[in-house]
1. Going by alpha carbons, how many degrees (0 to 90, nearest 10) lie between the helix axis of 169-178 and the longest principal axis of the chain?
2. Say R0 is 35 Å: what FRET efficiency, to the nearest 0.05, do Ser139 and Gln195 get from their beta-carbon distance?
3. Normalised by the residues of the chain, what does the relative contact order come to in percent, with Cα pairs under 8 Å and at least six apart?
4. To the nearest µm²/s, what D does Stokes-Einstein give for the stretch 59-109 at 10 °C and 1.306 mPa s, using the Kirkwood radius over alpha carbon pairs as Rh?
5. Using the Karplus equation 6.51 cos²θ - 1.76 cosθ + 1.60 (θ = phi - 60°), what ³J(HN,Hα) coupling, rounded to whole Hz, does each residue of the stretch 7-17 give in order, writing x for Gly and Pro?
6. Which whole-percent values make up P(r) of the chain when all C-alpha to C-alpha distances are grouped in 5 Å steps starting at zero?
7. Please compute the modelled spin-label separation between Arg95 and Ala146, points set 7 Å along Cα→Cβ, answer in nm with one decimal.
8. Using alpha carbons only, how many degrees (0 to 90, rounded to 10) separate the axis of helix 58-72 from the longest principal axis of the chain?
Amino acid sequence: MKPDTFPITDDHIHLDPINGRGIEAAKDFMRAGGTHLFLVSKPSWSYGVHPSSGADYCPVFDETIRTGQVTSGLGIVVYPVLGVHPAEISRLLERLDLENTVDVMKGGLDLAARYVQEGKAYALKSGRPHYEVSPEIWSASNDILAYALRLAKECNCALQIHAESGPCHDVVEMAHRAGVNPDQVVKHYATPETQLLPSFIANHEAIPALCREKRRFTMESDYMDENSRPGAVIGPKSVPRFTKQLLAHGLIGEEDCHRIHAETVEIVYGVPIEVR
């Protein structure tokens, strides 16, 4: 199997034609050998949106979908992922009280779920702050995350989560209570000890060892596509580039590539991953 004949999927990437490189970053991904990507909506403030209701997330989601459609025109298969970034709670609390903030974030998730039900998006995103917050904000964030899990169950779709580093054992229990298989809860920017489905940054040092264990996981760049932070978190070429490097050095095999970039993605998201 030649490197250009199997799919390479970036499980968590942002493309921003307003504040970043947009389609040019997508071209870099494709030229490096990337074939499929999960295009994740950015926080509302990235587009100058300051929501006061769930409906106010509409322009954020519509821009994500529009960017995905343009990217698809290159020949890349794009699966939009929509939701409300957990850090929005801190931004919203600058203007709203906690009760209204929770209502706005849940309303944004309701809107994202409608896009999934309409076939415009393929997964939801939520989570909780990865930084220290008060007990009240932590509790509210977990309430929002539990709500997102219930929506994922209703939509029969995967949920990507932003959260603190570590195992997130309690999220596994939250998923079970919502009737969601933890294997369909994708821990973005994962560490190996998580019992959720890990999505690893493409240069994570544990990838070869986890492949030897036949561990199911995906790979991501978490490319932010912001001109103010060029190349953050890692660049759009990273997932195909590191995959090919690992393969060339014999650290992973062709079977591993298929499991990471096609088989696992198909199982988690219920979408086809094939080279066109």
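Every read-out reported here was derived from the displayed coordinates using simple, explicitly stated rules and does not represent laboratory data. Computed from a prediction, not measured in an experiment: that's the story for all the values here. Cβ placement follows ideal geometry from the backbone for every residue including glycine, while neighbour counts extend to all protein chains displayed.
1. Tilt of helix 169-178: around 70 degrees.
2. The pair Ser139/Gln195 has a calculated efficiency of 0.95.
3. 22 percent
4. Stokes-Einstein gives a translational diffusion coefficient of 126 µm²/s.
5. x, 10, 10, 9, 7, 7, 9, 10, 10, 9, x
6. Taking all Cα pairs of the chain, the binned fractions are 1, 6, 14, 18, 20, 17, 13, 7, 3, 1, 0, 0 percent.
7. Using points 7 Å along Cα→Cβ, the separation is 2.8 nm.
8. Rounded to the nearest ten degrees, it is 10.
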